[in-house]
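Presented below is the structure to which this report refers.
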Amino acid sequence: MFLVNAKIARWLLRCRRTLCFSPPSGKASSSRLVLGIETSCDDTGAAVLDETGAILGESLHSQKEVHLRTGGIIPTVAQQLHRENIERVVQEALERSSVTPGQLSAVATTVKPGLALSLGIGLEFSLRFVRQHNKPFIPIHHMEAHALTVRMLQPVAFPFLVLLISGGHSLLAVARGVDDFLLLGHTLDEAPGDTLDKVARRLSLIKHPQCSTLSGGQAIELLAKDGDRTRFPLTTPMGQTYDCCFSFAGLRNQITMTIMKQEAEEGVKQGTLLTCVNDIAAATQHTIATHLAKRTHRAILFCKAKGLLQSNSPTLVVSGGVASNQYIRKALTLITEMTGLHLLCPPAKFCTDNGVMIAWNGVERLREGKGILPPNVDVCYEPKAPLGVDISAEVKAAAIRLPSVRMKIPN
């Protein structure tokens, strides 16, 4: 093991000298360049960034339309679509950046967590690429990339609190460094984006004239704008559990029971659009937003009690696909204004999966010399991978009770 590590160390030393003193001659001739590749779920993304965060070129192939037709993501279908498109997507990113493979300083690729079959395609392509062109390889944790994206757009100093919410993940963590996270809470069952998608499918929103081309979460958000959330009162999950973990499966069961009751009252079968669909959408969105806001509120109070955030201008970063939901952002704004935190959300196009965030994570790691591997090292993907050090038990032991907050959120 020591001999292997020594060989890697010598290779990295030679590589670092090259990276620091032999800048490429492309658009960013005075800066190191990183190619980022993303295939953790159903989007094939690639981008080339310089170390200032400038996006020199990017490409993204979305599988959204295919999965809308099949009623959800089928892993084997996602795998095949990644396989068919990854070479083209990477080539487009390179061509748009006017950068050749030889000018790259490193390649960064998502290797965890995500769908195993999807991760495998990106990793297999990337290892073949770095070995062909003799480039350093930087394995990326998908959630770390989401957490750090905001630092590409504006100066955000460590430490800061981060809420990551998407179709596959939901977690609260303190980001103390590029690869240093304290996990405060995580989902115990499904993620909020998954819940929104499943509710949308149960409501058959793809049949709605305004929603035929929208994802489940987008359809719920659109219809909720004209809905009455108070018509169908739903219980916010985990009200008597004083930690920062999340649970959405029980809420989805509540919503399913509500839908079944309304189908019986309207005398229609499953698959028929209900007349009250806007109201159910509004109640669903509000309850998810409230659950996220309350757990985040407790995380803020815990961090303040333990001195885990900056004393001046403490920050909450919210990212991931569900962070694009404007109603949820408004709910979180109520909490940050009350607690004195600064709320930051990347633009919607950087909240969803993309090659840009992976490239930026690679830039951050390249700067600090962390997690950079020579091209001939074997790397495995990890479908399940926690982020950082889990201190959720400590959060639960603190048993912080929240002050009463009226969640009056404007549409």
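The values are calculated or read from the model by the stated rules, or taken from the named source; none is laboratory data. Keep in mind that this is a model prediction, so the values were computed, not measured. So basically every Cβ, Gly included, is an ideal-geometry build from the backbone, and we count neighbours across all protein chains shown. Accessible surface areas use protein heavy atoms only, side chains included; no ligands, DNA or RNA. Shrake-Rupley method; radii C 1.70, N 1.55, O 1.52, S 1.80 Å.
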remark   = When VAL405 is run through (1) open to solvent by less than 50 Å² (accessible area, probe 1.4 Å); (2) modelled with pLDDT of 95 or more, the failure sits at (2)
inquiry  = Any residue at all in region 313-322 that's without any contact (Cβ under 8 Å) to a residue 60 or more places away in the chain, more than 29 Å from THR110 (Cα to Cα), assigned to a helix (DSSP H, G or I) and out of contact with any Pro (no Cβ under 7 Å at 6 or more places or on another chain)?
reply    = no
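To keep it simple, each residue is scored yes or no on (1) farther than 30 Å from GLU84 by Cβ; (2) free of Cβ contacts under 8 Å to residues at least 60 places away in the same chain; (3) not hydrophobic (A, V, I, L, M, F, W, C).
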| position | (1), (2), (3) |
| --- | --- |
| GLY122 | no, no, yes |
| ASN134 | no, no, yes |
| GLU144 | no, no, yes |
| ALA147 | yes, no, no |
| GLN154 | yes, no, yes |
| SER170 | yes, no, yes |
| ALA175 | yes, no, no |
| HIS208 | yes, no, yes |
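Of everything in region 58-80 that's at negative phi and open to solvent by less than 30 Å² (accessible area, probe 1.4 Å), which residue is modelled with the highest pLDDT?
By that ranking, first place goes to SER59.
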request  = Looking only at region 267-309, count how many residues are open to solvent by 20 Å² or more (accessible area, probe 1.4 Å) and within 24 Å of CYS351 (Cα to Cα).
outcome  = 3
message = What's the number of the only condition in (1) surrounded by 24 or more Cβ atoms within 10 Å (Cβ to Cβ); (2) closer than 17 Å to ILE300 by Cβ that PHE137 fails to meet?
response = (2)
request  = Out of GLN63, GLN79, report the one residue that is more than 18 Å from ASP194 (Cα to Cα) and either without any contact (Cβ under 8 Å) to a residue 60 or more places away in the chain or not assigned by the TED database to the domain that holds VAL356 (or both).
outcome  = GLN79
query = Does region 367-385 hold any residues that are surrounded by 13 or more Cβ atoms within 10 Å (Cβ to Cβ), over 16 Å from GLY177 (Cα atoms) and not aliphatic (A, V, I, L, M), and which are they?
reply = PRO374, PRO375, ASN376, TYR381, GLU382, PRO383
inquiry  = Which residue is nearest to LEU119 (Cα to Cα), if the candidates are limited to region 328-346 and must be free of Cβ contacts under 8 Å to residues at least 40 places away in the same chain and loosely packed, with under 15 Cβ neighbours inside 10 Å?
reply    = HIS342
ask   = Just a yes or no: is a residue in region 285-306 assigned to a helix (DSSP H, G or I) and free of Cβ contacts under 8 Å to residues at least 40 places away in the same chain?
value = yes
remark   = The lone condition ASN325 fails out of (1) touching a residue at least 60 places away in the same chain (Cβ under 8 Å); (2) in contact with a His (Cβ under 8 Å, 6 or more places away or on another chain); (3) open to solvent by less than 20 Å² (accessible area, probe 1.4 Å) is (2)
inquiry  = Taking the condition of being surrounded by 13 or more Cβ atoms within 10 Å (Cβ to Cβ), assigned to a loop (DSSP other than H, G, I, E, B) and over 25 Å from the mean Cα position of the chain (by Cα), how many residues in region 386-402 meet it?
reply    = 2
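Please specify each residue of region 310-321 satisfying the condition of being among the polar types (S, T, N, Q) and open to solvent by less than 20 Å² (accessible area, probe 1.4 Å).
Listed by number, the residues that qualify are THR315, SER319.
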key: Test: ALA47 is modelled with pLDDT of 80 or more and either among the hydrophobic types (A, V, I, L, M, F, W, C) or on the phi > 0 side of the Ramachandran plot (or both)   = yes
task = With the condition kept exactly as written, say whether any residue in region 107-121 is open to solvent by less than 10 Å² (accessible area, probe 1.4 Å), more than 18 Å from ASP43 (Cα to Cα) and either aromatic (Phe, Trp, Tyr) or in a helix (DSSP H, G or I) (or both).
result = no
